[in-house]
Amino acid sequence: DIITNLNVNPFSIIKSIPRLSFQDVERICGRVHIVLTKEQRIIAGTEYYLNDAEQKLRHTCVPDNNTHQRVSELLSLSIDEVAAALQSDENSFVYSERKSRTVISTHRSSLRDKKIIKDLKAIKAAHSSSEKNLTFTEKDIQTSKGIRLSEEQLAAINVVVNAPVAVITGGPGSGKTTMVQGLVSALIGLNLEIKICAPTGRAAKRI
């Protein structure tokens, strides 16, 4: 079905064939004499860039001016041409406001983000923390020898023990696992049952 797909939506094959790039599809279309309009290239290039940003950088949305610039570089078009094409076809992507900036998402990413928000709200509505207004200090918490919790880590622990659900984020080496160690100590002090899981074997072993 590859020729049919190339004629209907040529860039859809990027998702089906590992390591196939946007430029590869353009070259294939050229070899089989499939003419792509500028608008088709811009829409496809934008989706390719947003998916690439999600896979490599873990961003589910990107500021619109950043997107315009990157897509213009990808397609060798002007930023104004990219912006105009996207503004004339607002249904291809989802636009929203984040911190006073307009951001663009693919429909798939937007739906997934909304589902996560819905699930977190459902957990919050269905559960409550076992205690209220608890405050742990460094002397209340045990950690491995030689490890001291930062003020930020202590603040995170106090947020978690007072909330029905909490999300702690940070890059590698930022102290999330160490914070979890302190959190476990705090929960043990409250005589609560603790369950910990991790998505990968290495992380599971460490935690």
remark   = Expected output for segment 15-31 (first residue touching a residue at least 40 places away in the same chain (Cβ under 8 Å), partner assigned to a helix (DSSP H, G or I) and β-branched (Val, Ile, Thr), Cβ below 8 Å, 6+ apart or cross-chain) is Phe22/Ile14
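Just to be sure before I move on: is Lys145 open to solvent by 80 Å² or more (accessible area, probe 1.4 Å), of a type outside the set (Asp, Glu) and either within 30 Å of Ile42 (Cα to Cα) or part of a loop (DSSP other than H, G, I, E, B) (or both) in the structure I sent? Before you say what the answer is, go through the steps one by one.
Values: open to solvent by 80 Å² or more (accessible area, probe 1.4 Å): yes; of a type outside the set (Asp, Glu): yes; either within 30 Å of Ile42 (Cα to Cα) or part of a loop (DSSP other than H, G, I, E, B) (or both): yes.
Yes, satisfied.
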key: Test: residue in segment 89-105 that is modelled with pLDDT of 90 or more, farther than 22 Å from Leu6 by Cα, small (Gly, Ala, Ser) and part of a helix (DSSP H, G or I)   = no
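Of a type in the set (A, V, I, L, M), part of a loop (DSSP other than H, G, I, E, B) and touching a residue at least 24 places away in the same chain (Cβ under 8 Å), is that true of Leu154?
Values: of a type in the set (A, V, I, L, M): yes; part of a loop (DSSP other than H, G, I, E, B): no; touching a residue at least 24 places away in the same chain (Cβ under 8 Å): yes.
So Leu154 fails the test.
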query = Looking only at residues in segment 89-101 that are of a type in the set (Asp, Glu) and open to solvent by 100 Å² or more (accessible area, probe 1.4 Å), which one is nearest to His59 (Cα to Cα)?
reply = Glu97
query = Hey, among the residues in segment 30-88 that are touching a strand residue (DSSP E or B) at 6+ places or on another chain (Cβ under 7 Å) and not in a helix (DSSP H, G or I), which one's surrounded by the most Cβ atoms within 10 Å (Cβ to Cβ)?
reply = Cys61
task = Might you let me know whether segment 102-123 holds any residue that is within 16 Å of Gln40 (Cα to Cα) and loosely packed, with under 11 Cβ neighbours inside 10 Å?
result = no
Within segment 159-193, tally of residues that are open to solvent by 30 Å² or more (accessible area, probe 1.4 Å) and in a helix (DSSP H, G or I) = 11
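The values are calculated or read from the model by the stated rules, or taken from the named source; none is laboratory data. Please read these numbers as outputs of a predicted model, since none were measured by experiment. So basically every Cβ, Gly included, is an ideal-geometry build from the backbone, and we count neighbours across all protein chains shown. Just the protein is used for accessible areas: all its heavy atoms, side chains included, with ligands, DNA and RNA removed. Shrake-Rupley method; radii C 1.70, N 1.55, O 1.52, S 1.80 Å.
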